[in-house]
Each structure stands twice: as structure tokens, then as C-alpha cells.
Amino acid sequence: MTGTILITGTSSGLGRATAKLFQAKGWNVIATMRDPASETELTQLANTLVTRLDVQDAVSITAAVVAGLAAFGRIDALVNNAGYGAYGPLETTPLKSIRRQYDVNVLGLMATTKALLPHFRANRSGTIVNISSMGGRIAFPTGTLYHGTKFAVEGFSEALQYELAPIGIRVKIVQPGMINTDFSGRSFEYNNDPALVEYQPLIQGMGDLVSSMKEHTSSPEAIAEVVYEATTDESDRLRFIAGADAERFLAARDASDDAEFFAALKARVGMV
């Protein structure tokens, strides 16, 4: 199976790895990013269109879809990959950060999906792959915003599949664990106020846990392979777990009730 795929957030990390993998597999790739003028690698690939798409800018979403159709005639799949993470205690997080987190991870994903639905519906085919996270099924301390958005992506996707299956459009969710990318740099925001001493022990404990988890991250290329598997899967399967750490954490969640899982996680971050 080959075709044309539109991928958001291809300037780095998983998005870039996914764009390169699909291109290598013979697909036409519409590689979108907020600042395509600075791109030098993907622009050199055959059958690849690099164009601007900012999920917070509806005009840019429409323009990217129009440019992709002009270049390749049709679009067969969408990977909603663009996203960022805002962490820290809710009390210390500015309202503008809360809004941006949901604008990018939820509303932007919905807007991009909505922009492609008329085309998919007319063709009575298409695949939508939403990049969620293991954090769309489990939540870690100080991640109220990020996990809130990923839980939203899970619910959105699960409901959307019912709408679209009768007209030949598939919806898939990929749930990566931690990826060895610069997400924690350019796509990460942390808010804290050291004066709020009540939160500091939990923040320290969570920092220690994240540091230990970084030893088991997956490469973006490995996660991209799961994205490819999900995109080309023709069954009714909805969820695809990606990464050994995600497999491990989600298996533990499935094997535990709330009290057991919460107690284990509290112990790992020093909440005793």
C-alpha cells in the first residue's frame, strides 16, 4: 500500500522520522511545519512537499491541504503529530499556557482532521492517525495539562471512529512512551514557583522518576515504524502501543485497580 500522506509537526523528532520513513516506502509526503523556510533536509527528498501548517492557524491548515492536493491530486492519510507538553503544578501555570496546551494538542488536531474530512468522505476512504501517548491512558504527577490533552485525544478518536467507519475512513491511535527527541527542549514548558514549598517534594520526586525513565527511551525511527503499521493497517484495530516503556507501564495499569496503581506510582515519586 502506498499513497499520499500529510504529517504535521515534521520539523524534528517523530514527525521528521515518520516523513522520512513514508517517503522511503514510496509514499508521497506532505511534510508540514510552522517554519518551512528553515527546512533543508526534507526539501531534498523526492515526492515530498514541505509546506507551512500551524495547527493554531486555521488558514494555514486549509492552505496546506490545498497545496498537498495541488501537488499530488489526493490525500490518503493524515498523521496528527504536532504537539507540545506543559508540565508543573496547576496552581503555578499561567492561563495562557493552559490555553495553548489545549489549542495545540486538542483543538489543532481536531481542526486539521476536520479540514481533511470532506476529501476523505468524497473518496470514501482515508486513514487518520492521532499521536496520543502512554500518557493518554495513565497520568503522572505534575502533568495535569499534558495528560488532560492526551486523554482528550483518546476520547475524541474513539468516538470519531464510529462516525467515520461507515464511510470507509479509519481512525487509529498511536501511544508512544518516551522518545529520544528534543521534545523536552523546543516542545516542552515547565512552570513552577519554588515559593510554593508544598509542591516541591513531589516535583523533585517526579524529576527523579523522569530521569530514570530516560534510560529506556525509544528512537523516533522505532516509533515511526509503529505509525507506519497503524497507517497501513486495514483492520478495525484502534490503538497501537509504541515503545517498550509504554508496553510496560500500560500492562501494569491494565493489571492493577486504581488504588494499586496509584499507590505504586506514589511510592516511586516519594509520596509516602
- Task: List the residues whose amide H sits under 5 Å from the amide H of E41, counting only those 5 or more places along or on another chain, with H placed 1.01 Å from N in the peptide plane.
- Result: none
- Task: Using only the alpha carbon atoms of region 152-272, find the Kirkwood hydrodynamic radius as the inverse mean reciprocal pair distance, in angstroms to one decimal.
- Result: 17.1 Å
- Diagonalise the Cα gyration tensor of the chain and give the resulting equivalent ellipsoid semi-axes, square root of 5 times each eigenvalue, largest first, whole Å. 33, 20, 17
- Task: May I ask for the angle, rounded to the nearest 10°, between helix 258-268 and the longest principal axis of the chain, with both axes built from Cα atoms and the value confined to 0 to 90°?
- Result: 70 degrees
- Mean shadow area of region 1-159, taken as a quarter of the surface of its Cα convex hull (nm²): 9.7 nm²
- Over 22 Å between C-alpha atoms is what I'm after, so list which of K172/K266; K114/K150; K96/K214; K150/K172; K20/K114; K25/K172 land there. K172/K266; K96/K214; K20/K114
- Under a 5 Å amide H to amide H cut-off, with H placed in plane at 1.01 Å, what residues pair with I241 once short-range neighbours are removed? Q175
- Task: Please give the direction-averaged projected area of the C-alpha convex hull for region 8-65, in square nanometres with one decimal.
- Result: 3.6 nm²
- Message: Considering just Cα atoms, how many Å³ per residue does the convex hull of region 76-227 enclose?
- Response: 108 Å³
- Query: Do the sum for the chain: with -39,500 (n - 2.57) for every DSSP H run of n ≥ 4, divided by all residues, what is the mean residue ellipticity at 222 nm, to the nearest 500 deg cm²/dmol?
  - Reply: -14500 deg cm²/dmol
- Message: Tell me the angle of helix 13-24 to the major Cα principal axis of the chain, expressed in degrees between 0 and 90 and rounded to the nearest ten.
- Response: 30 degrees
- Residue with peak Gaussian network fluctuation, the chain [Cα springs, cutoff 10 Å], from D35, D103, D245: D35
- Note on the structure: Per GNM of the chain with C-alpha springs under 10 angstrom, the most fluctuating residue out of F262, F151, F120 is F262
- Item | Kirkwood estimate for region 196-250, i.e. one over the average of 1/r between Cα atoms, Å | 13.7 Å
- Query: Which of these, D54, D208, D257, has the largest mean-square fluctuation under a Gaussian network model of the chain (Cα springs below 10 Å)?
  - Reply: D257
- Query: Nearest 10 degrees, 0 to 90: what angle lies between the long axis of helix 244-254 and the longest principal axis of the chain (Cα atoms)?
  - Reply: 70 degrees
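Quick check: at a probe of 1.4 Å, how many percent of the accessible area of region 40-199 sits on carbon and sulfur atoms?
56 percent
The values are calculated or read from the model by the stated rules, or taken from the named source; none is laboratory data. None of these values were measured; they are calculated from a predicted model. SASA here: full protein model, heavy atoms, side chains in, ligands and nucleic acids out. Shrake-Rupley method; radii C 1.70, N 1.55, O 1.52, S 1.80 Å.
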